[in-house]
Amino acid sequence: MKFILSNYLILVFILGLSLSSCEKEVSVSTNEKEPENHAKIFINSKPAGAKIYLDGKNTGYITPDTVKWLLAGEYKVTLKKEYFKDTNVVVLIDYNSVPSKFLDYTTNPNMLGTLSLNSEPSGAKVIINDSLTNIKTPFKVNNMLPGIYNIDFDLPGYWLGKQQVIIQSQRDSYLNYKLKDTSLWVNYNMNNTDIHSNDLTCLAIDKNGIKWAGSWGYGIVRYDEKTWQYLDAANSPLLGNYVNCLVVDNLNRLWIGTDGGMAVKDGENWITYTMANSPLPANDVRGIAFTSDNKIWIATWGGGAALNDNGNWTVYSPSNSTFPHPYCSAVAVHPSTDEPWFALFGMGVVRYYSVDGTWKNWNKRNTAGVVATSAPPGSIRSGILNDNIQSIGIHPDGDIWAGVAAKIYDKGGLCYFNISAYKWVSYVATPSNQVFSITFSPDGVVWLGNGGAGLTRFDGTTFKTFNATNSRLENNYVNGIAIDKNGIKWLATYGGLVKYKGN
């Protein structure tokens, strides 16, 4: 028994010595000193926040900071920052000093990017990170520091457009924003603007986007979407205050047809034409159109047609040519032939053939036009409805479109001449009995201004009419239509100027 107890005590003693020895081998003194020889480097960047890599390995440091515990020698320092191009630099460090390295991203053109901005419609002011700039869309911003930017587009009449965009080094970024308008319809009249007349008769938009509207008895209105101005016979060389037509030529000159003659406004300079100072056959000018080489065709009320070829005049009337009628409502020049088509009030439509100098007339009688009492409204018939043609236009596909005014026994409406089939087709009392104006959007949609029936859109299949009952159009007499470069329709009405932003 003593032997067993003695052996047990010896075993416990030996085990205790073993455990004591193990503890001494793994222990670390808390008073251990840092190595006396180690190198450091201070690295900073503008902007800060770049990850610091040494010889391709992430140090865990972010600028600005001091990288410690290095051996002396040469190192490849790489800075990595989101959206920026990686930057590499070689540094030599030793134990005797703490070198510093500063990298300025903002002065390195290779770090910058570009941003092309556009909005639909264009002309919006650009706000970048809540700071208003002096730029308007479309615009390309160069030398932008990489990062995330908040871009706002501000255009009167539209909701503020908000978008985020990422700019990266040596990358071209693009941002196109379609603005949402606050209202499809905007009515400008004497109650809410400085416009001096609500009785507008015609409309034109020049190459600078300025809107020009003719009025009935009050001259011309000029509107640049900021201020209103007006010109009349008292404050300008305008020949009459009853304005029938306005046209802008290839040189951005404004041509004006009035009840007192024709005038052209070229900046601050004016030229006037009357029966007294030119061969103009009548002072009541109803239409003006230009050929590709700037010859001027003029439609007059009572004097027939006239051609002004760089000062050389030719007059066409029933008394001196085959021109069939002295009362012209409008004129349009066909772009493929450079030949004029005249709307005649009382004699249909007439075309000039430059090859032999003759005129071809189409009217209700020689096109087998419909009998008014037998053709219900909305029906389609061959021929011209009646001979009171008051508007005319050339469709992008080359067909001729004419607006017809109702007579006592004849309905009005819309008719067109199919060039390829060489025949006239009419829409009876459609979209109305009085089609005052015709224009076309680039996609071929026909826009019609009606007397008493509002604005009509026709896509070749369906007529859609907007009036004071079913839309915010305030006046149903639409006398003129013009479409600006953004596709916005501008209307001259007897209730003032109207802007329609819809399709």
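Just so you know, all these numbers are worked out from the coordinates, no wet-lab data involved. Model, not experiment: these values are computed from the prediction. With ideal geometry, Cβ positions are generated from the backbone for all residues, glycine too; neighbour counts draw on all protein chains shown.
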Subject >> the stretch 39-107 - Kirkwood radius from inverse mean 1/r over Cα pairs (Å) >> reply: 12.0 Å
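If you take the square roots of the eigenvalues of the alpha-carbon gyration tensor of the chain and sort them as a ≥ b ≥ c, do you get rounded (a/c under 1.5), prolate (a/b over b/c) or oblate? Please list the in-between numbers first.
Numbers: a/c = 4.12, a/b = 3.05, b/c = 1.35.
Cα axes put the chain in the prolate bin.
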Original post:
Say the dipole of the stretch 39-107 comes from +1 at the beta carbon of Lys and Arg and -1 at that of Asp and Glu; which of Trp69, Asn44, Phe84 then lies farthest toward its positive end?
Top reply: Phe84
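Hey, got the dipole for the chain? About the Cα centre, +1 on K and R Cβ, -1 on D and E Cβ, debye to the nearest 20? Don't skip to the answer; put the middle values down first.
Numbers: 43 positive and 42 negative charges, 190 e Å.
Roughly 920 debye for the chain.
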Subject >> Rounded to 10°, Cα long-axis angle of helix 2-26 versus longest principal axis of the chain >> reply: 50 degrees
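For the chain, what does the relative contact order come out to in percent, with C-alpha contacts under 8 Å and a separation of six or more? All intermediate terms of the calculation are to be shown ahead of the outcome.
On the way: 1311 pairs, mean separation 39.7, N = 503.
Worked out over the chain, it gives 8 percent.
Mean projection of the alpha-carbon convex hull of the stretch 112-178 over all orientations, in nm²? Before the final figure, lay out the partial values.
On the way: hull surface 15.4 nm².
Mean shadow area of the hull around the Cα atoms is 3.8 nm².
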Original post:
Where does the charge balance sit around Phe84 when Lys and Arg score +1, Asp and Glu -1, over other residues with C-beta under 14 Å from its C-beta?
Top reply: +3
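Give the average over all directions of the projected area of the C-alpha convex hull of the stretch 212-268, one decimal, in nm².
Numbers: hull surface 15.1 nm².
Answer in nm², one decimal: 3.8.
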Original post:
Residue-wise, which Karplus ³J(HN,Hα) couplings in Hz belong to the stretch 385-391, taking 6.51 cos²θ - 1.76 cosθ + 1.60, θ = phi - 60°, and x for glycine or proline?
Top reply: 4, 7, 8, 8, 8, 10, 8
**OP:** List, in order, the whole-Hz ³J(HN,Hα) value for each residue of the stretch 441-446 obtained from phi through the Karplus relation with A = 6.51, B = -1.76, C = 1.60 and θ = phi - 60°; use x for Gly and Pro.
**Re:** 7, x, 7, x, 5, 8
Subject >> Spin-label proximity, Asn142 to the stretch 71-109 - amide N less than 15 Å from point 7 Å beyond Cα toward beta carbon >> reply: 108-109
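Using only the C-alpha atoms of the stretch 231-311, find the volume of their convex hull and express it per residue in Å³.
On the way: hull volume 6.7 nm³, N = 81.
For the stretch 231-311, the hull spanned by Cα atoms encloses 83 Å³ per residue.
If you place +1 on the Cβ of every Lys and Arg, -1 on the Cβ of every Asp and Glu, and leave all else neutral, what size is the dipole of the stretch 112-178 about its Cα centre, to the nearest 20 Debye? Mind dumping the intermediate values first?
On the way: 6 positive and 5 negative charges, 19 e Å.
Using only the charged Cβ atoms, the result is roughly 100 debye.
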Original post:
By the scheme Lys and Arg +1, Asp and Glu -1, what is the net charge of all other residues having a beta-carbon under 12 Å from that of Ala50?
Top reply: +2
Original post:
With a sphere of radius 11 Å drawn around the Cβ of Tyr105, what net charge do the other residues whose Cβ falls strictly inside it have (Lys, Arg +1; Asp, Glu -1)?
Top reply: +2
